[in-house]
Amino acid sequence: MRFTYSRVSKMSAKQEFVNKAKEGKVLVKKCTKCGHLHLSTVYFCQNCGSKGFENEILEGKGSVVTYTIITVPPAGFERYSPYAWVVLKLDGSDLRISGFLPNVATPADLPVGTKVKITGFDDRGIILEKL
Ligand SMILES: [Zn+2]
């Protein structure tokens with residue numbers, strides 16, 4: 001029973017995150033003691049070790065830190081090619097999040113520092129768009 005319960009609660013945290021991503025937002029866990037932000041559910045604050053967290057909603061906007069252009073996509077993703085798998089740093093925090101940016105074929109299409117925003121979430125993961 002305990003195992004079943006923890007599986008369900010993990011799935012709903014993920015679903016909560018997905019729902020926010022669909023609204024262009026990022027759900028993060030904020031330490032109630034020191035304010036440190038965490039992207040996923042953690043048991044102890046990575047900064048101060050405290051166990052208290054509250055939800056915080058960030059705007060899903062940031063700048064490109066690094067990325068990989070995928071011209072030979074994995075099975076099932078052919079119709080999206082070419083695209084970039086992007087790591088962005090969220091505005092107003094040090095958090096980094098990765099997502100899928102369509103229509104990127106060469107590095108000239110996506111200089112590091114390009115502003116992007118989250119526009120949705122589907123089977124590809126987080127979907128991004130250039131601002
Ligand atoms: Zn903390």
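The values are calculated or read from the model by the stated rules, or taken from the named source; none is laboratory data. Treat the numbers as computed from the prediction; the structure is a model and nothing was measured. Using ideal geometry, Cβ is built from the backbone for each residue, glycine included, and neighbour counts are taken over all protein chains shown.
Observations
- Check on residue 68, of a type in the set (Val, Ile, Thr), within 14 Å of the ligand (Cβ to nearest atom) and modelled with pLDDT of 95 or more: no
- From 77, 17, residue being surrounded by 11 or more Cβ atoms within 10 Å (Cβ to Cβ), within 13 Å of the chain's Cα centre (by Cα) and modelled with pLDDT under 95: 17
- In the stretch 64-74, the residues that are surrounded by fewer than 16 Cβ atoms within 10 Å (Cβ to Cβ) and closer than 29 Å to residue 31 by Cα: 65, 66
- Of all residues in the stretch 31-46, those being surrounded by fewer than 17 Cβ atoms within 10 Å (Cβ to Cβ), closer than 19 Å to residue 92 by Cα and under 20 Å from the mean Cα position of the chain (by Cα) number 4.
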